[in-house]
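As structure tokens, the structure follows; a few thoughts come after it.
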Amino acid sequence: MCELEDRQVDESEIGKGYKLAKDQVIPISDDELANLPLPTAKTVEIEACLPLESIDPLRIGAGYYLMPDGQVAAKPYKLLREALGRSSRVAIAKRAWHGRERLGMLRVRDQALVLHLMYWPDEIRDPAELLPSPVDLTDDELEGTLSLIDSTTREELEGLEFHDEYTDALAQIIEAKR
């Protein structure tokens with residue numbers, strides 16, 4: 001909707017732009033975006049390899065299975081998968097994703113490579129502004145909480161309590177209406 005003209009905007013009237021200031025937008029065409037000189041536009045560029053434990057989990061986003069693009073990529077794919085698996089490391093890579101260069105983490109899962117989206121450091125919020133006011137804790141309170149943690153500790157993330165009940169309930173509604 002166009003708020004100024006109070007009318008629905010046709011898709012042909014919608015464009016892309018970069019907001020410099022509240023009232024200044026620089027228009028950018030699809031052709032200009034498509035021709036950005038990004039070396040990662042059609043590839044995944046590995047920058048480093050490191051142990052998974054050295055990465056803050058807050059920086060790791062959704063994961064996507066990768067597959068080789070044709071037979072020519074099958075050997076490099078398998079080489080990387082095997083080497084990462086034997087080294088017990090992950091690869092940090094750059095690639096173009098939805099019109100911008102993003103950081104990603106490659107890891108092995110079963111016989112496949114998984115690319116996890118990663119956040120740049122400036123995309124992670126500083127938790128200092130979220131912390132509560134200082135409070136005092138007693139040793140008994142801390143021991144009680146540690147006891148609760150011990151009693152709920154599992155070796156794996158499996159079991160009936162880790163079941164998606166929302167999806168089941170939604171499926172029941174859909175089936176009843178069908």
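Quick one: compute the contact order of region 68-119, relative version, from alpha carbon pairs under 8 angstrom and 6+ residues apart, as a percent. Once normalised by length, the contact order is 26 percent.
Each peptide in 65-76, 103-114 gets a packing score, the mean of other Cβ atoms within 10 Å over its residues, and the list from highest to lowest is 103-114, 65-76.
When you restrict to C-alpha pairs under 8 Å that are six or more residues apart and normalise by the size of the chain, the relative contact order lands at 17 percent. Counting every pair of alpha carbons in region 50-175, the share spaced more than 22 Å apart comes to 63 percent.
Across region 7-21, coupling constants 3J(HN,Hα) worked out from phi with the 6.51/-1.76/1.60 Karplus curve, θ = phi - 60°, read 8, 6, 8, 6, 4, 5, 8, 8, x, 10, x, 10, 7, 7, 8 Hz, and Gly and Pro carry x. Just to be sure I follow the rule: in the chain, considering lysines 8 or more places apart or on different chains, how many pairs have Cα atoms under 28 Å apart? Close lysine pairs found across the chain: 9. Quick one: among 12, 151, 88, which has the greatest mean-square fluctuation in a GNM of the chain with alpha-carbon springs under 10 angstrom? Per the Cα network of the chain with a 10 Å cutoff, 151 tops the list. Measuring only protein heavy atoms, the 1.4 Å probe finds residue 79 accessible over about 110 Å². Computed 3J(HN,Hα) for region 147-156, one whole-Hz value per residue from the Karplus formula 6.51 cos²θ - 1.76 cosθ + 1.60 where θ = phi - 60°, is 5, 4, 4, 4, 6, 10, 6, 10, 8, 9, glycine and proline marked x.
Here the 3J(HN,Hα) profile of region 120-135, calculated from phi with Karplus coefficients 6.51, -1.76 and 1.60 at θ = phi - 60°, is 5, x, 6, 8, 9, 5, 6, x, 4, 6, 9, 5, x, 4, x, 9 Hz, Gly and Pro shown as x.
The values are calculated or read from the model by the stated rules, or taken from the named source; none is laboratory data. Note that this is a predicted model, so its numbers are computed, not measured. Using ideal geometry, Cβ is built from the backbone for each residue, glycine included, and neighbour counts are taken over all protein chains shown. Ligands, DNA and RNA are excluded from the accessible area calculation, which covers all protein heavy atoms including side chains. Shrake-Rupley method; radii C 1.70, N 1.55, O 1.52, S 1.80 Å.
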